[in-house]
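What follows draws every value from the coordinates through simple rules; no lab data is involved. Computed from a predicted model, the values in this text were never measured in an experiment. Here Cβ is always computed from backbone atoms with ideal geometry, including for glycine, and neighbour counts include all displayed protein chains.
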Amino acid sequence: MSGFELTIFDCDGVLVDSEIIAAKVESKLLNEAGYPISVEEMGERFAGMTWKNILLSVEKEIDIPLSASLLDKSETLLDQRLAREVKIIEGVSFALARIEGPRCICSNSSVHRLDSMLTKVGLKEQFAPNIFSAKELGPDRVKPKPDIYLHALSQMGVAAKKAVVVEDSVHGVHAARDAGIRVIGFTGASHTYPSHADRLTDAGAETVISRMVDLPAVIAAMESWSGLA
């Protein structure tokens, strides 16, 4: 096969417009716990991070332990809202129909949540069984660590230089780059912010798109630039 042999997608904020829902739920809980933060700031600072790691980061900043009940409370509230509200990112179906070769998902979300969201928006069959959750590898192996991307490469039997990743978060870009994979940044979800594209580029994304319909052409161009086509 010429070109890339594997296209890897993050899920939240790339395939489904879920990051904005998470930001609303989590900002409300943090505000109620005495840590003022806007929905916009949640997206800018913490998109791509697990709720547990967000809480640990906030605890370190304010030097005050947050209630352990916030962990379960967020999971419950977020699962309820995602089941009702999550939608597919515009242009995803167009892009998937035009990108050839194997594909998979690498996400920090749990298997249960991935199954629920992908089923709701009609994408599960487009990727199953190649849907990988970093949480399944262990609580200390989520992005920005590269483990989930290395796992996917191993499972799919593809070398890093023959794969490309689509990511919307700085943490995800760092994870993919540390795994040796080239990255396309994406800023087309509802949680995007003014400096989003610049931050993805600074983290290591080779290029950034804001419309998923542009993805097939950008992948083709990257193959051409590197002599893969």
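List of remarks:
- Spin-label model distance (nm) - T76 vs A128, 7 Å beyond Cα toward Cβ: 2.9 nm
- Working from the Cα coordinates of the chain, the gyration tensor eigenvalues give, after taking √(5λ), semi-axes of 29, 18, 17 Å in decreasing order.
- Per-q log10 I(q)/I(0), the range 1-58, q = 0.14, 0.15, 0.16 Å⁻¹ (Debye; single scatterer per alpha-carbon; no solvent): -0.44, -0.49, -0.53
- Helical contribution to [θ] at 222 nm, DSSP H n ≥ 4, -39,500 (n - 2.57), averaged over the chain, rounded to 500: -14500 deg cm²/dmol
- Across K24/K60; K124/K161; K28/K120; K28/K73, pairs whose alpha-carbon gap is larger than 20 Å: K24/K60; K124/K161; K28/K120
- For the range 133-229, the alpha carbon convex hull comes to 104 Å³ per residue, rounded to a whole number.
- Residue-normalised convex hull volume from the C-alpha trace of the range 19-85: 75 Å³ per residue.
- Potential lengthening between R141 and S67 on full extension [0.36 nm per residue; Cα-Cα distance subtracted]: 24.3 nm
- Among beta bridges that DSSP assigns inside the chain, antiparallel share in %, nearest 5: 5 percent
- All-pairs Cα distance distribution in the range 73-205, expressed in whole percent, bin size 5 Å: 2, 10, 18, 22, 24, 18, 6, 1, 0
- Cβ-placed point charges (K, R +1; D, E -1), dipole of the chain about Cα centre in debye, nearest 20: 420 debye
- Top positive-direction residue, dipole computed over the chain with Cβ charges, set L78, V142, A128: A128
- Across the range 19-85, the relative contact order, built from alpha-carbon pairs under 8 Å that are at least six residues apart, equals 38 percent.
- Relative contact order of the chain, pairs being alpha-carbon contacts under 8 Å that are 6 or more residues apart, as %: 28 percent
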